[in-house]
1. For a quick check of your reading: which helices (runs of 4 or more DSSP H) sit entirely within region 31-85 and have at least 2 residues that are touching a His at 6+ places or on another chain (Cβ under 8 Å) and modelled with pLDDT of 95 or more?
2. Go through (1) modelled with pLDDT of 95 or more; (2) not in a helix (DSSP H, G or I) one by one and return the number of the condition Thr28 breaks.
3. Check region 131-147 and report whether any residue there is of a type in the set (S, T, N, Q), modelled with pLDDT under 95 and either surrounded by 15 or more Cβ atoms within 10 Å (Cβ to Cβ) or farther than 19 Å from Arg82 by Cα (or both).
4. Could we say that Asn75 is without any contact (Cβ under 8 Å) to a residue 40 or more places away in the chain and more than 20 Å from Gly151 (Cα to Cα) here?
5. Within region 102-120, does at least one residue satisfy the condition of being in a helix (DSSP H, G or I) and surrounded by fewer than 17 Cβ atoms within 10 Å (Cβ to Cβ)?
Amino acid sequence: MRAGLATAVLVSFMVMGSGLAQAAGTDTTTQLTPAEVRAQLANAEGLIRQKNYRDAIEVLNGVVESSPREADAYNLLGFSYRKSKDFNRAERNYKRALRLNPDHKGAIEYYGELLIQTDRREKAEELFAKLETLCPNGCAELDQLRKALAGNQTSNAWPVDGS
């Protein structure tokens, strides 16, 4: 009887302890390996190509939860939110990508397109100038943002290498 009571008490403390750890903010997220991150990013890119932004956002949120320093994931989140017309979340994620990697060409281009869509052309032109510096011999991101600025339209080009 004592053994059964002791086991019950122990199990209760274990359950309570894990609940308290979660309530205290202890990270219970499984860390993805670099290979798993790449696989999840490829999965998200496939969903984006299919215009399945909702599912891409779900996958990408899992990536950034596990790997919060993954600029490519924030860039893809920004793209998915922008295409879903959630401009506030798109901007927040582009800014996160650029905080992690200020020279992320994909995030610069896509953030510039967001700025055009939200009537902030001057800021988009500043990002275009930055891309000109990063791509002295030209690059796809520079070309896409140039087209967006010239036509006041955003591209549907996907993917553009964001490295």
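The values are calculated or read from the model by the stated rules, or taken from the named source; none is laboratory data. The structure displayed is predicted, hence computed values, not measured ones. Neighbour counts run over all protein chains shown; Cβ positions are idealised from the backbone, glycine included.
1. 71-83
2. (1)
3. No: zero hits.
4. Taking the combined requirement at face value, the residue does not satisfy it.
5. There is no residue in region 102-120 that is in a helix (DSSP H, G or I) and surrounded by fewer than 17 Cβ atoms within 10 Å (Cβ to Cβ).
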